[in-house]
Amino acid sequence: MSITIEKAKEKIIFNPNSLDSWNILIKDAQEKPMEETRPFFEQLITQFPTSSKYWKIFIEEEIKHKNFDQVEKLFERCLNKILNIDLWKCFLNYLKESKRHHQDYNKIMIQAYDSAVKKIGLDVLSYSIWLDYTSFLKSLDLNVSDQNDKQTLYETIRKIYRMALENPMANIDQVWKEYCAFENQVNPNNAEDLIESLNKEFQTVKKVSKEYENVTRPLERNLPALNLEYPLDEDEDIRQLHAWKRYILWEKQNPLKLNNHRDVIRRVIFAYEQAFLCMAYHCDLWHEAALFLKNQKEPLKRIDKLDGKTISEITETAAASLYERAITTFMKNSCLTHLAYADFEESRTRITKVYDIYEKCLSEEKLDHATLAWIHYIFFVRRNEDILAARKLFKRARQDSRITYHLFIANALLEYFHTKDKTVGFNIFHLGTKKFSHEPEYMLAFIKYMSHLNEDNNARVLFERILTTDDIPAYKTNEIWSEFLKFECAVGDLASILKVDKKRLKVFESVQNNPLNEVTQSSLMIDRYKYMDLLPCNVIELKSMGYKSLNGHLASSIQASAMANLSAIFSNNVSISQADLAAVAASEFKRSKLPTPDISQMMPFKPVRNILPGMMHSIAGGVFPFPPAVTELVKRLPPPSTYEGPFVIIDELIRKFQESDIPEDFQPFYVQINGEPIRDFEHLSTSSMLKRTFVGAGSDDEDTKKGKSMDIYKQRQYKKLIQK
C-alpha cells in the first residue's frame, strides 16, 4: 500500500471533511475487486449519506462488476431521499440497459419516467428527463396500430409536454420547439390553435426560467454535506448557504404567480430538499423549513382540502415529520432543533410527545449544551405539571456529569419567582457553591441574588468570603470587585466605600506585580463613579486616559455619542429609522477601532486593452506600479502564458541567497536603460521608464536611429535586399 493511501486514511480519521483524501481512496478502490472495496464504499455513503456524487460512484462500480442485485438495492436506498438530476438519469439509463429484454419493458420505463418527473421534474436541469420521456413515448407509436390507441398515446405525450412547459427550466425553448413540431405532425388542423392557447403561459415561464437559471447558477449541487464539527472551508460553506437561501427566498416569492397554494408550497419544499443534500448540518435550514410549513394557512376565499384535511393540517404534520427526520439524522446533537421541535409539539398540545423529545435529546452523548436542554425541560415540566415535579427533575439533572453552573442559577431564580420563597433559592445557590465556587460568573450571580433580597449583612459576608478565598484567581475577580463597590455605593457609607476601593487597588497591584500608575488608578476611579452606561467623562477624555471597561460601557457610550451626532446630521434632511441609525453607529464604532490601509497612494483602475504583463497588480483591491528596475525587467521577459515551467521555489531561492557568502570586493550589477545605469531608483521617474522610441515619434535623430535599430522586421528586410 502506497504512502499516499496510508496518509489519506489517517487524515479522514481526524478530519472526515477532507474531500481530497476521500477522492484518493475512491480512485484506489476503483482499481480493486468489488468484493474487497464494497465496505469502503459503504463507509463513504455512511459519512456522506446525501451526496448524489458518491452514491452514483458506488452504483456505477456495482454496474461495472455486473452486480445488478446490489445496484437495485442501492437505488432503493437512495432514490427517494436524494433528489438529484444526475442520480435519476443514472437510474433511467440503468433501466434502459438492464430491462431492455423484459416483457414489461415499456410499462417499467413509463413508471420510472413518471416517478422521475414527479420527484425531480421541478429541477432547473430536468429538461433532459422531460425530453427523454417524450422521446420514449414517441418511439411506442411504431408499435401501435389501433387508431384509438394512437390517440390515447398522443394525448399522453401532449400531457407530458404541457406539464413540462408549466415548469421553468433550462433549455425550455428546446422543449417548446419539440412540442410545436409534435402538434404540427399529429394534428396539423388544430395545431395552431393548441399552440396559441399555450403561448402566453409559455412566455411567462420562459421569462421565469432565465431568473431560475441565474439564481441557481452559484449552487454547487454535487458538494457533499460537511459536518460542522470538523475543519472545513468556512467561507465557501457560508457562501453556499447564502446562495441556497437566496434560491429558497426566490421560490417563496412565487415568481410564477401560481394560484394554487399547494403548488407554491411544493416548489418551496423542493428547494429546501435540494438544500438539505448539501447543507444538511445547518440547523437553521431545518428550522426555517419547518417554520414555513407550520405558518401555511388556507386562502381566505376558500379552504383547499386533500384527503379530507386542510392545508394547515397537512403542513403541520409535514413540519412534525421534518423535525423528526432532523433529530434522527443530522441534527441529533443539535440542542436548538430539539428545543424548537418540543415547543412546536407543545403548541399542538401533544404533551406526551414533548416528553419523548426531551428524553431523546438528553440521551445523546454528544449533545451540545446539555445544560440548556435540562433547563428548558425543567421549565416545561413546571408549566405542564407543578413546581414539585420541576424539583424532582432538577434533582435528576444534578446527576448528569455534563451540567454547568447555569442549571443552579436557573433553578434558584425559578424557585424565587414562582414560589416567592427566597430561602429555597438561597439553598440552591449555596448547594451550587460546593461544585462551582471557582466560577466567577456563578458567584457573581449568587452575589446579585443576595443583593436584591435586601440581605445587606449576608451579602457583605458573601463578598468577603468570595474575595478572600483562593477559589477564584485574583485576575478573574474584577467584575466581583466592581459589583462589591457598586453595592457599597448603594447601601453603605463613605468609609465602607473607601475601604472596598482600597482593597481593590491592592488586589490589582498584586496581579500586576507593581504599583498602579496614574492611568490605571483613573480608570478604576471611573468604574467607581459610573452607573450602568452613564460615565463621569466624555468619550474623548475616556479614550485619552486609555479607559477600557470590561463591561462594554465605553463601547455603548461611544455608540450613543455616534448616534447623537448622526441624528443631528440626518434630522433636518433625511428620514431614517432608529434601527438603521444604530446599525450605522455600531459600524462606525467598529471601524474606528480597526487599522485601515493607506489608500492615498493607490492608482484608480483604468481598463486597458492588450495590457502588458506586469502593468496590473495581482492582488485585488488596487493597482500599484512596480519599482522602475522591476518594470524594465518585466517588459523584457516573455508573457507568463508562454512559460509552462519548471517553476522556481521562491522559499528555496531566498534561502540560497541568505546562505550565500558575498565577497567584500563584489561590485553590484546595475540595470541599464538607454545606456544609463539605474543607481538611484527614487530619482527615476516612471514616465521615463515607460518611454518607447519609435520611428517618427520625435524630432531627435538619435532617437530615430535607435528606433530603427530596434525594428527587427526592417532589419530582416534590409538583409534580404543586401543578399539580392
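The values are calculated or read from the model by the stated rules, or taken from the named source; none is laboratory data. Just so it is clear, the model here is predicted, and its values are computed rather than measured. Cβ sites come from the backbone with ideal geometry, for glycine too, and all protein chains shown count toward neighbours.
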* Within the stretch 315-344, work out how many residues are among the charged types (D, E, K, R), closer than 24 Å to Leu407 by Cα and assigned to a helix (DSSP H, G or I). => 1
* Structure fact -> Restricted to the stretch 463-482 and to residues being crowded, with 16+ Cβ neighbours inside 10 Å and under 24 Å from Met545 (Cα atoms), the residue modelled with the lowest pLDDT is Asn478
* **Matching entry among Asn454, Asn458 (being outside any helix (DSSP H, G or I), surrounded by fewer than 20 Cβ atoms within 10 Å (Cβ to Cβ), more than 41 Å from the chain's Cα centre (by Cα) and not small (Gly, Ala, Ser))** => Asn454
* **Conditions (1) assigned to a loop (DSSP other than H, G, I, E, B); (2) at pLDDT below 90; (3) not assigned by TED's automatic domain parsing to the domain that holds Leu44: number failed by Pro255** => (2)
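Evaluate the following for Thr152: is it within 38 Å of the chain's Cα centre (by Cα), over 17 Å from Trp130 (Cα atoms) and part of a helix (DSSP H, G or I)? Explain how you work it out, then say what you get.
Values: within 38 Å of the chain's Cα centre (by Cα): no; over 17 Å from Trp130 (Cα atoms): yes; part of a helix (DSSP H, G or I): yes.
For Thr152, the condition - within 38 Å of the chain's Cα centre (by Cα), over 17 Å from Trp130 (Cα atoms) and part of a helix (DSSP H, G or I) - is not met.
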* Asked: Just checking, how many residues over the stretch 65-90 are crowded, with 18+ Cβ neighbours inside 10 Å and over 20 Å from Gln30 (Cα atoms)?
  -> 8
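Only one of these is surrounded by 13 or more Cβ atoms within 10 Å (Cβ to Cβ) and touching a Cys at 6+ places or on another chain (Cβ under 9 Å): Leu362, Leu372. Name it.
Working: Leu362 fails: touching a Cys at 6+ places or on another chain (Cβ under 9 Å).
Result: Leu372 is the single residue among Leu362, Leu372 that is surrounded by 13 or more Cβ atoms within 10 Å (Cβ to Cβ) and touching a Cys at 6+ places or on another chain (Cβ under 9 Å).
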* Only one of (1) surrounded by 14 or more Cβ atoms within 10 Å (Cβ to Cβ); (2) among the polar types (S, T, N, Q); (3) closer than 24 Å to Asn295 by Cα is not met by Ser347, so which one is it? -> (1)
* Pairs where the first residue, in the stretch 278-293, is over 20 Å from Asp343 (Cβ atoms) and the second is of a type in the set (S, T, N, Q) and in a helix (DSSP H, G or I), C-beta under 7 Å, 6+ apart -> Cys278/Gln240; Met279/Gln240
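Can you give me the number of residues within the stretch 423-441 that are out of contact with any Phe, Trp or Tyr (no Cβ under 6 Å at 6 or more places or on another chain), more than 21 Å from Ile472 (Cβ to Cβ) and not hydrophobic (A, V, I, L, M, F, W, C)?
2
Identify, from the list Lys118, Lys81, the residue that is closer than 20 Å to Ser209 by Cα, basic (Lys, Arg) and in the same structural domain as Glu42 (by TED's automatic domain parsing). Reasoning before the result, please.
Working: Lys81 fails: closer than 20 Å to Ser209 by Cα.
Residue meeting the stated conditions: Lys118.
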* Which one is farthest from the chain's Cα centre (by Cα) among residues in the stretch 414-451 that are within 13 Å of Ile480 (Cβ to Cβ) and among the hydroxyl-bearing types (Ser, Thr, Tyr)? -> Ser451
